[in-house]
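Below is one structure, written out as C-alpha coordinates, with a few remarks after it.
The values are calculated or read from the model by the stated rules, or taken from the named source; none is laboratory data. Here the structure is a predicted model, which is why all the values come from computation and not from measurement. Positions of Cβ are backbone-derived with ideal geometry, glycine not excepted, and every protein chain shown enters the neighbour counts.
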Amino acid sequence: MNVLIADDDAVLRRALRIHLERWAYTVVERKDGDEAWTALQGSEAPPLAIVDWNMPGIDGPTLCHDLRNRTTTPPMYLILLTGNTEHRDVIAGLESGADDYITKPVDWDLLRARMRIGSRIVGLQRALGARVAELQSALVNVRQLSGLLPICAYCKRVRDDQDYWQQIERYLSEHSEAQFSHGICPDCLEVHLPAE
Amino acid sequence: MTVVPGRDRDGSRESEMERDIVDDPDVHGEWSPAPMIVRLGDDEDLARQLAGIFATEYPGMMAAVHESVARGCAESIRVAAHALKGCAANFTDEAPTTTAFELEQIGREGRAADAPAVVERLAREVDTLARALSSFARGPS
(Lines give C-alpha, C1' and ligand atoms only; values in the text may rest on other atoms or scores of the structure.)
Protein backbone atom coordinates (compact mmCIF):
# COMPACT_ATOMS: atom_id res chain seq x y z
CA MET A 1 0.00 0.00 0.00
CA ASN A 2 1.30 3.48 -0.84
CA VAL A 3 1.92 5.95 1.97
CA LEU A 4 2.85 9.61 1.70
CA ILE A 5 5.18 11.18 4.25
CA ALA A 6 5.33 14.96 4.40
CA ASP A 7 7.89 16.54 6.72
CA ASP A 8 10.57 19.19 6.28
CA ASP A 9 12.92 17.26 8.59
CA ALA A 10 15.18 15.23 6.26
CA VAL A 11 16.41 13.07 9.15
CA LEU A 12 12.92 12.04 10.15
CA ARG A 13 11.87 11.49 6.52
CA ARG A 14 14.72 9.02 6.08
CA ALA A 15 13.88 7.21 9.32
CA LEU A 16 10.21 7.03 8.32
CA ARG A 17 11.06 5.77 4.83
CA ILE A 18 13.35 3.01 6.12
CA HIS A 19 10.80 1.80 8.68
CA LEU A 20 7.80 1.98 6.35
CA GLU A 21 9.61 0.12 3.58
CA ARG A 22 10.57 -2.59 6.06
CA TRP A 23 6.88 -2.92 6.86
CA ALA A 24 6.16 -3.38 3.13
CA TYR A 25 4.72 0.05 2.38
CA THR A 26 5.64 1.98 -0.75
CA VAL A 27 6.74 5.46 0.27
CA VAL A 28 6.05 8.75 -1.47
CA GLU A 29 8.17 11.48 0.14
CA ARG A 30 7.40 15.22 0.19
CA LYS A 31 9.18 17.96 2.12
CA ASP A 32 6.43 20.56 2.54
CA GLY A 33 2.68 20.97 2.75
CA ASP A 34 2.19 22.34 -0.76
CA GLU A 35 3.99 19.39 -2.34
CA ALA A 36 1.98 17.04 -0.15
CA TRP A 37 -1.32 18.64 -1.21
CA THR A 38 -0.41 18.13 -4.88
CA ALA A 39 0.62 14.51 -4.28
CA LEU A 40 -2.69 13.79 -2.54
CA GLN A 41 -4.82 14.82 -5.52
CA GLY A 42 -6.46 12.41 -7.94
CA SER A 43 -7.58 8.82 -7.83
CA GLU A 44 -3.98 7.50 -7.66
CA ALA A 45 -3.14 9.45 -4.49
CA PRO A 46 -1.67 7.38 -1.63
CA PRO A 47 -4.49 6.25 0.66
CA LEU A 48 -2.31 6.67 3.77
CA ALA A 49 -0.48 9.84 4.72
CA ILE A 50 1.76 10.86 7.63
CA VAL A 51 1.95 14.64 7.71
CA ASP A 52 3.94 16.95 9.94
CA TRP A 53 2.03 19.62 11.86
CA ASN A 54 4.58 22.40 11.29
CA MET A 55 6.12 22.43 7.86
CA PRO A 56 6.62 25.02 5.14
CA GLY A 57 3.62 25.71 2.94
CA ILE A 58 0.29 24.28 4.05
CA ASP A 59 0.57 23.05 7.63
CA GLY A 60 -0.62 19.60 8.69
CA PRO A 61 -3.98 20.54 10.27
CA THR A 62 -4.91 22.76 7.30
CA LEU A 63 -3.94 19.97 4.91
CA CYS A 64 -6.17 17.51 6.80
CA HIS A 65 -9.03 20.01 6.93
CA ASP A 66 -8.85 20.80 3.21
CA LEU A 67 -8.59 17.13 2.21
CA ARG A 68 -11.68 16.29 4.28
CA ASN A 69 -13.63 19.10 2.64
CA ARG A 70 -13.04 17.79 -0.87
CA THR A 71 -16.06 15.98 -2.27
CA THR A 72 -13.93 13.84 -4.60
CA THR A 73 -11.50 12.57 -2.00
CA PRO A 74 -10.87 8.83 -2.29
CA PRO A 75 -10.66 6.89 0.99
CA MET A 76 -7.70 8.36 2.86
CA TYR A 77 -6.25 7.79 6.34
CA LEU A 78 -4.37 10.78 7.71
CA ILE A 79 -1.89 10.67 10.59
CA LEU A 80 -0.63 13.95 12.06
CA LEU A 81 2.96 13.90 13.26
CA THR A 82 4.04 16.53 15.75
CA GLY A 83 6.09 17.52 18.72
CA ASN A 84 3.03 19.25 20.17
CA THR A 85 2.00 16.98 23.00
CA GLU A 86 -0.47 19.12 24.90
CA HIS A 87 -4.00 17.84 25.27
CA ARG A 88 -5.51 20.80 23.41
CA ASP A 89 -3.13 20.19 20.49
CA VAL A 90 -4.21 16.57 20.21
CA ILE A 91 -7.87 17.64 20.17
CA ALA A 92 -7.23 20.41 17.62
CA GLY A 93 -5.28 18.02 15.40
CA LEU A 94 -8.00 15.39 15.39
CA GLU A 95 -10.72 17.97 14.87
CA SER A 96 -8.88 19.30 11.83
CA GLY A 97 -9.70 16.02 10.08
CA ALA A 98 -6.78 13.77 11.01
CA ASP A 99 -7.64 10.16 11.80
CA ASP A 100 -4.75 9.71 14.18
CA TYR A 101 -1.98 11.57 15.97
CA ILE A 102 1.64 10.54 16.58
CA THR A 103 4.06 12.55 18.69
CA LYS A 104 7.79 13.03 18.21
CA PRO A 105 10.14 11.38 18.88
CA VAL A 106 8.41 8.59 17.01
CA ASP A 107 7.72 5.38 18.88
CA TRP A 108 8.25 3.00 15.97
CA ASP A 109 6.30 0.08 17.43
CA LEU A 110 3.37 2.40 18.06
CA LEU A 111 3.58 3.83 14.54
CA ARG A 112 3.61 0.32 13.06
CA ALA A 113 0.47 -0.58 15.03
CA ARG A 114 -1.23 2.65 13.95
CA MET A 115 -0.29 2.00 10.32
CA ARG A 116 -1.92 -1.42 10.54
CA ILE A 117 -5.10 0.23 11.79
CA GLY A 118 -4.92 2.74 8.95
CA SER A 119 -4.40 0.02 6.35
CA ARG A 120 -7.32 -1.96 7.73
CA ILE A 121 -9.62 1.05 7.65
CA VAL A 122 -8.57 2.00 4.11
CA GLY A 123 -9.23 -1.62 3.06
CA LEU A 124 -12.69 -1.51 4.62
CA GLN A 125 -13.44 1.86 2.99
CA ARG A 126 -12.39 0.51 -0.39
CA ALA A 127 -14.53 -2.62 0.00
CA LEU A 128 -17.46 -0.47 1.07
CA GLY A 129 -16.92 1.85 -1.91
CA ALA A 130 -16.86 -1.11 -4.31
CA ARG A 131 -20.09 -2.48 -2.81
CA VAL A 132 -21.79 0.92 -3.07
CA ALA A 133 -20.73 1.13 -6.73
CA GLU A 134 -22.21 -2.34 -7.36
CA LEU A 135 -25.46 -1.32 -5.71
CA GLN A 136 -25.61 1.94 -7.66
CA SER A 137 -25.10 0.01 -10.88
CA ALA A 138 -27.89 -2.42 -9.92
CA LEU A 139 -30.11 0.52 -9.05
CA VAL A 140 -29.64 1.93 -12.55
CA ASN A 141 -30.87 -1.36 -14.03
CA VAL A 142 -33.86 -1.47 -11.72
CA ARG A 143 -34.76 2.07 -12.66
CA GLN A 144 -34.73 1.08 -16.33
CA LEU A 145 -37.64 -1.20 -15.56
CA SER A 146 -39.69 1.44 -13.85
CA GLY A 147 -42.02 3.87 -15.57
CA LEU A 148 -44.69 3.37 -18.25
CA LEU A 149 -44.08 0.30 -20.42
CA PRO A 150 -46.35 -0.06 -23.51
CA ILE A 151 -47.50 -3.65 -23.94
CA CYS A 152 -49.61 -5.18 -26.76
CA ALA A 153 -53.01 -6.20 -25.45
CA TYR A 154 -52.98 -9.27 -27.70
CA CYS A 155 -49.47 -10.69 -28.17
CA LYS A 156 -48.06 -9.17 -24.94
CA ARG A 157 -44.93 -7.80 -26.66
CA VAL A 158 -43.57 -4.60 -25.17
CA ARG A 159 -42.33 -1.49 -26.96
CA ASP A 160 -38.76 -0.47 -26.10
CA ASP A 161 -37.09 2.95 -26.11
CA GLN A 162 -36.32 2.67 -29.85
CA ASP A 163 -39.96 1.87 -30.70
CA TYR A 164 -39.25 -1.80 -31.44
CA TRP A 165 -41.72 -4.36 -30.22
CA GLN A 166 -40.00 -7.13 -28.32
CA GLN A 167 -40.98 -10.35 -26.60
CA ILE A 168 -41.42 -9.41 -22.95
CA GLU A 169 -38.90 -11.99 -21.74
CA ARG A 170 -36.25 -10.60 -24.10
CA TYR A 171 -36.97 -7.06 -22.92
CA LEU A 172 -36.67 -8.03 -19.27
CA SER A 173 -33.46 -9.94 -19.91
CA GLU A 174 -31.90 -6.91 -21.51
CA HIS A 175 -33.00 -4.51 -18.78
CA SER A 176 -32.40 -6.57 -15.67
CA GLU A 177 -30.36 -9.43 -14.28
CA ALA A 178 -33.40 -11.77 -14.72
CA GLN A 179 -33.00 -14.91 -16.79
CA PHE A 180 -35.83 -17.06 -18.12
CA SER A 181 -36.31 -20.75 -18.55
CA HIS A 182 -39.29 -21.68 -20.70
CA GLY A 183 -42.05 -23.99 -19.52
CA ILE A 184 -45.83 -24.38 -19.81
CA CYS A 185 -48.23 -23.51 -17.04
CA PRO A 186 -51.14 -25.91 -16.32
CA ASP A 187 -53.79 -23.61 -17.88
CA CYS A 188 -51.84 -23.19 -21.14
CA LEU A 189 -51.08 -26.88 -21.20
CA GLU A 190 -54.80 -27.57 -21.19
CA VAL A 191 -55.45 -25.02 -23.97
CA HIS A 192 -52.51 -25.67 -26.25
CA LEU A 193 -51.74 -29.31 -25.61
CA PRO A 194 -55.03 -30.89 -24.52
CA ALA A 195 -54.90 -34.46 -23.42
CA GLU A 196 -56.22 -36.73 -26.14
CA MET B 1 33.21 3.58 29.33
CA THR B 2 29.67 2.26 29.15
CA VAL B 3 28.73 -0.93 27.41
CA VAL B 4 25.12 -1.29 26.41
CA PRO B 5 23.57 -4.55 25.23
CA GLY B 6 23.51 -4.83 21.47
CA ARG B 7 23.81 -7.19 18.56
CA ASP B 8 26.40 -7.45 15.88
CA ARG B 9 25.44 -6.06 12.45
CA ASP B 10 24.32 -9.51 11.35
CA GLY B 11 22.10 -9.52 14.43
CA SER B 12 23.59 -12.74 15.71
CA ARG B 13 25.73 -11.94 18.73
CA GLU B 14 26.82 -9.33 21.20
CA SER B 15 29.38 -6.89 19.85
CA GLU B 16 30.75 -5.10 22.86
CA MET B 17 33.86 -3.74 21.17
CA GLU B 18 31.92 -1.82 18.51
CA ARG B 19 29.45 -0.64 21.13
CA ASP B 20 32.37 0.62 23.21
CA ILE B 21 33.46 2.77 20.30
CA VAL B 22 30.07 4.29 19.47
CA ASP B 23 29.39 5.00 23.13
CA ASP B 24 32.75 6.57 23.93
CA PRO B 25 32.27 10.24 24.90
CA ASP B 26 35.90 10.95 24.00
CA VAL B 27 35.16 9.96 20.43
CA HIS B 28 31.81 11.74 20.03
CA GLY B 29 31.85 14.55 22.57
CA GLU B 30 29.14 14.37 25.23
CA TRP B 31 26.54 12.97 22.88
CA SER B 32 26.02 9.24 23.09
CA PRO B 33 24.42 7.32 20.22
CA ALA B 34 23.28 4.45 22.44
CA PRO B 35 19.77 5.74 23.31
CA MET B 36 19.11 6.59 19.68
CA ILE B 37 20.26 3.16 18.49
CA VAL B 38 17.99 1.50 21.03
CA ARG B 39 15.07 3.71 19.90
CA LEU B 40 15.73 2.62 16.31
CA GLY B 41 15.41 -1.03 17.26
CA ASP B 42 19.18 -1.57 17.54
CA ASP B 43 19.68 -0.47 13.95
CA GLU B 44 23.10 1.12 14.13
CA ASP B 45 23.46 1.46 10.36
CA LEU B 46 20.31 3.55 10.21
CA ALA B 47 21.50 5.64 13.17
CA ARG B 48 24.73 6.42 11.29
CA GLN B 49 22.76 7.33 8.14
CA LEU B 50 20.60 9.75 10.12
CA ALA B 51 23.64 11.28 11.80
CA GLY B 52 25.14 11.87 8.36
CA ILE B 53 21.96 13.59 7.17
CA PHE B 54 22.04 15.94 10.15
CA ALA B 55 25.63 16.87 9.34
CA THR B 56 24.48 17.82 5.85
CA GLU B 57 21.30 19.62 6.88
CA TYR B 58 22.22 21.61 9.97
CA PRO B 59 24.22 24.42 8.27
CA GLY B 60 21.13 25.43 6.28
CA MET B 61 18.91 25.33 9.35
CA MET B 62 21.41 27.30 11.44
CA ALA B 63 21.70 29.84 8.64
CA ALA B 64 17.90 30.26 8.67
CA VAL B 65 18.05 30.87 12.44
CA HIS B 66 20.82 33.48 12.10
CA GLU B 67 18.99 35.19 9.25
CA SER B 68 15.70 35.39 11.16
CA VAL B 69 17.44 36.81 14.24
CA ALA B 70 19.30 39.36 12.10
CA ARG B 71 15.96 40.49 10.68
CA GLY B 72 14.45 40.66 14.15
CA CYS B 73 11.34 38.87 12.91
CA ALA B 74 9.81 36.93 15.81
CA GLU B 75 7.67 34.67 13.62
CA SER B 76 10.66 33.73 11.44
CA ILE B 77 12.67 33.03 14.58
CA ARG B 78 9.90 30.73 15.82
CA VAL B 79 9.70 28.83 12.53
CA ALA B 80 13.47 28.46 12.07
CA ALA B 81 14.04 27.45 15.69
CA HIS B 82 11.18 24.95 15.51
CA ALA B 83 12.69 23.28 12.44
CA LEU B 84 16.10 23.01 14.10
CA LYS B 85 14.56 21.75 17.33
CA GLY B 86 12.69 19.00 15.48
CA CYS B 87 15.78 17.84 13.64
CA ALA B 88 18.03 17.90 16.73
CA ALA B 89 15.35 16.05 18.72
CA ASN B 90 15.98 13.00 16.55
CA PHE B 91 19.30 12.67 18.37
CA THR B 92 18.94 14.19 21.83
CA ASP B 93 16.36 15.70 24.12
CA GLU B 94 19.04 17.82 25.75
CA ALA B 95 21.05 20.73 24.29
CA PRO B 96 20.81 21.92 21.57
CA THR B 97 17.20 20.69 21.40
CA THR B 98 16.31 22.48 24.64
CA THR B 99 18.00 25.68 23.51
CA ALA B 100 16.24 25.59 20.15
CA PHE B 101 12.99 25.23 22.08
CA GLU B 102 13.92 28.23 24.21
CA LEU B 103 14.50 30.24 21.04
CA GLU B 104 11.22 29.01 19.58
CA GLN B 105 9.44 30.28 22.69
CA ILE B 106 11.16 33.65 22.32
CA GLY B 107 9.82 33.85 18.80
CA ARG B 108 6.35 32.74 19.86
CA GLU B 109 6.25 35.41 22.56
CA GLY B 110 7.49 38.12 20.16
CA ARG B 111 10.68 38.80 22.15
CA ALA B 112 13.03 39.05 19.17
CA ALA B 113 15.40 41.30 21.14
CA ASP B 114 16.18 38.40 23.50
CA ALA B 115 17.16 36.09 20.63
CA PRO B 116 20.82 37.03 19.87
CA ALA B 117 22.19 35.85 23.22
CA VAL B 118 20.41 32.52 22.92
CA VAL B 119 21.49 32.04 19.31
CA GLU B 120 25.15 32.31 20.26
CA ARG B 121 24.75 29.48 22.74
CA LEU B 122 22.63 27.49 20.30
CA ALA B 123 25.29 27.75 17.58
CA ARG B 124 27.97 26.39 19.93
CA GLU B 125 25.76 23.50 21.04
CA VAL B 126 24.75 22.62 17.49
CA ASP B 127 28.41 22.61 16.42
CA THR B 128 29.28 20.26 19.25
CA LEU B 129 26.44 17.91 18.35
CA ALA B 130 27.27 18.09 14.66
CA ARG B 131 30.89 17.16 15.32
CA ALA B 132 29.81 14.19 17.39
CA LEU B 133 27.30 13.09 14.76
CA SER B 134 29.79 13.47 11.92
CA SER B 135 32.27 11.36 13.80
CA PHE B 136 29.62 8.74 14.52
CA ALA B 137 28.39 8.79 10.92
CA ARG B 138 31.88 7.93 9.65
CA GLY B 139 31.69 4.73 11.66
CA PRO B 140 34.22 2.94 13.85
CA SER B 141 37.78 3.65 12.77
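Quick notes on this one:
- Any chance A:THR85 is on the phi < 0 side of the Ramachandran plot, among the β-branched types (Val, Ile, Thr) and modelled with pLDDT under 90: yes
- Hey, A:GLY60 within 14 Å of chain B (Cβ to nearest Cβ) and under 23 Å from B:ALA81 (Cβ atoms) or not: yes
- Between A:LEU81, A:LEU12, A:LEU16, A:LEU20, the distinction of being within 14 Å of another protein chain (Cβ to nearest Cβ), crowded, with 16+ Cβ neighbours inside 10 Å and not in a helix (DSSP H, G or I) belongs to A:LEU81 only.
- When residues of region A:23-53 are limited to those that are modelled with pLDDT of 95 or more and hydroxyl-bearing (Ser, Thr, Tyr), the one surrounded by the fewest Cβ atoms within 10 Å (Cβ to Cβ): A:THR26
- Per-region count, region A:103-118, residues more than 25 Å from the chain's Cα centre (by Cα), buried (at least 16 other Cβ atoms within 10 Å of the Cβ) and either assigned to a helix (DSSP H, G or I) or among the hydrophobic types (A, V, I, L, M, F, W, C) (or both): 2
- Among the residues of region B:56-63, at least one is more than 13 Å from the chain's Cα centre (by Cα) and surrounded by fewer than 22 Cβ atoms within 10 Å (Cβ to Cβ).
- Taking region B:9-105 and the helices (runs of 4 or more DSSP H) fully enclosed by it, the elements with 3 or more residues that are modelled with pLDDT of 95 or more and more than 13 Å from chain A (Cβ to nearest Cβ) are at B:44-71.
- Only one of the listed residues (A:ARG126, A:ARG143, A:ARG170) is at pLDDT 90 or above, basic (Lys, Arg) and not in a loop (DSSP other than H, G, I, E, B). That residue is A:ARG126.
- For region A:29-53, a residue qualifies if it is among the basic types (Lys, Arg) and assigned to a strand (DSSP E or B), and exactly one does: A:ARG30.
- Only one of the listed residues (B:ALA113, B:ALA83, B:ALA51) is more than 22 Å from A:ASP32 (Cβ to Cβ), of a type in the set (A, V, I, L, M, F, W, C) and crowded, with 18+ Cβ neighbours inside 10 Å. That residue is B:ALA51.
- Tally of residues being out of contact with any helix residue (DSSP H, G or I) (no Cβ under 6 Å at 6 or more places or on another chain), without any contact (Cβ under 8 Å) to a residue 40 or more places away in the chain and in a helix (DSSP H, G or I) across region B:106-120: 2
- Among residues of region A:136-155, those that are under 25 Å from the mean Cα position of the chain (by Cα) and either surrounded by fewer than 11 Cβ atoms within 10 Å (Cβ to Cβ) or under 19 Å from A:TYR77 (Cα atoms) (or both), counted: 5
- For beta carbons closer than 8 Å, sequence separation of 6+ or different chains, a first residue in region A:80-102 that is under 21 Å from B:ALA83 (Cα atoms) and a second that is surrounded by fewer than 18 Cβ atoms within 10 Å (Cβ to Cβ) and of a type in the set (D, E, K, R), the qualifying pairs are A:THR82/A:ASP89.
- Within the option set B:ALA130, B:ALA123, being part of a helix (DSSP H, G or I), modelled with pLDDT of 95 or more and either buried (at least 19 other Cβ atoms within 10 Å of the Cβ) or within 12 Å of another protein chain (Cβ to nearest Cβ) (or both) holds for one residue only, B:ALA130.
- Number of the exception - A:PRO56 against (1) surrounded by fewer than 18 Cβ atoms within 10 Å (Cβ to Cβ); (2) without any contact (Cβ under 8 Å) to a residue 40 or more places away in the chain; (3) over 23 Å from the mean Cα position of the chain (by Cα); (4) assigned to a loop (DSSP other than H, G, I, E, B): (2)
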